[in-house]
Amino acid sequence: MKLGVVGAGAVGAAVTLASCVRGVARDIVLLDKDTARANGVAADIRYGTPLSPECDVRAGSYRDLTGAALVVLAAGINEKAGGATNRHDPLGRLRLLNTNAGVFEEIVPQVVDAAPDATILVVTNPPEPLVDLTRRLAGHDRVLSTSTFLDSLRFRFHLAKFFGVSPMSVDANVIGEHGTFSVFLWSSVRIGGTPLHELLEDRNIRLDDLRQTIEQEVRFANIAIIEGTGASQYGIGMVVARVADCILRDEHAVIPVGSFQRGYGVTLSLPSVVGGEGVESVFWPTLSEEEQRGVDASAERLAGVMQQFAGAA
């Protein structure tokens, strides 16, 4: 099974490493406009492959994507370089759209020409609008994004830390869009199968206090990471490797990822059945009125951004 990764920057390198360590694919091809960088990253990881499941990691060109079942798009400008690290900026990651759309307009046709049957996974920010653009450029619907999967894991991590349990015991999702306007599904949080509101009542804890603290941590986690390291890369690399597993092994696992929602006319992140063709179906969760308003607002916001982008194109 062949996996392609376009973009050998911080995220692309992390995706390649995580995919190799996890044993996602037997053949991983890494591309970048800076061929020296792609060669260097591939070589660095390749020397560690004797310790991983059998895997050939190599740098290549678009023609080397031929036969790939999945191509990950991690190319483009990141939050730090694109000026999207201001906690008070209402645009957030959407500030990167125009620049990264230009990158995608160049790379997506080449990906599709080399690997017309591949599923495409968008990692570059902002992921939801870039899925919409990629669908149009690719001419098919086998396009999805990591979207709020990492946000959901961060949500689970902080809930688990608060209650002193393993994150694997926490069922909690963030949906809508990957950004500061994402929607936290507090109403459906379960810890060890127990509804959150019951745990809070038993401990005499106010939801509003817990909510404010955790949402702040999750919404701006990437900025805090970037302030320390210059790039948020390792968590998303691990997430991409897991999504790649779902696709390449045709798992039909339910995870929160982004795909085009015809009812809204834009891509949104929702609990989705992910298999060999990407998102095969969506599970709409039961939402509180506040959560439903949040999803509607995310969709409206994304639709407005896409209209502005189309008008400027």
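Here, each number is a calculation from the coordinates, and none is a lab measurement. Everything quoted here is computed from the prediction, not taken from an experiment. Heads up, the Cβs are rebuilt from the backbone with ideal geometry, glycines too, and the neighbour counts pull from every protein chain shown.
When SER272, SER288, SER281 are screened for being within 26 Å of ASP117 (Cβ to Cβ), in contact (Cβ under 8 Å) with a residue 24 or more places away in the chain and not aliphatic (A, V, I, L, M), only SER272 passes.
Every condition in (1) within 19 Å of the chain's Cα centre (by Cα); (2) free of Cβ contacts under 8 Å to residues at least 60 places away in the same chain is met by LEU51 except one, and the failing one is (1).
Considering only residues of the stretch 248-281 that are farther than 22 Å from MET1 by Cβ, in a loop (DSSP other than H, G, I, E, B) and small (Gly, Ala, Ser), which is farthest from the chain's Cα centre (by Cα)? Selected residue: GLY263.
Condition (residue is outside any loop (DSSP other than H, G, I, E, B), at positive phi, in contact with a Gly (Cβ under 9 Å, 6 or more places away or on another chain) and not aliphatic (A, V, I, L, M)) applied to the stretch 174-181: is it met by at least one residue?
yes
Within the stretch 212-228, the set of residues being without any contact (Cβ under 8 Å) to a residue 12 or more places away in the chain and under 16 Å from the mean Cα position of the chain (by Cα) is empty. Evaluating ALA241 against the criteria (1) assigned to a helix (DSSP H, G or I); (2) over 30 Å from LEU17 (Cα atoms); (3) small (Gly, Ala, Ser) leaves one unmet condition, (2).
Would you check if there is a residue in the stretch 275-290 being touching a helix residue (DSSP H, G or I) at 6+ places or on another chain (Cβ under 6 Å) and buried (at least 19 other Cβ atoms within 10 Å of the Cβ)? No, because not a single residue in the stretch 275-290 is touching a helix residue (DSSP H, G or I) at 6+ places or on another chain (Cβ under 6 Å) and buried (at least 19 other Cβ atoms within 10 Å of the Cβ). Residue count for the stretch 182-212 under the criterion of being aliphatic (A, V, I, L, M) and either exposed (fewer than 13 other Cβ atoms within 10 Å of the Cβ) or part of a loop (DSSP other than H, G, I, E, B) (or both): the result is 3.
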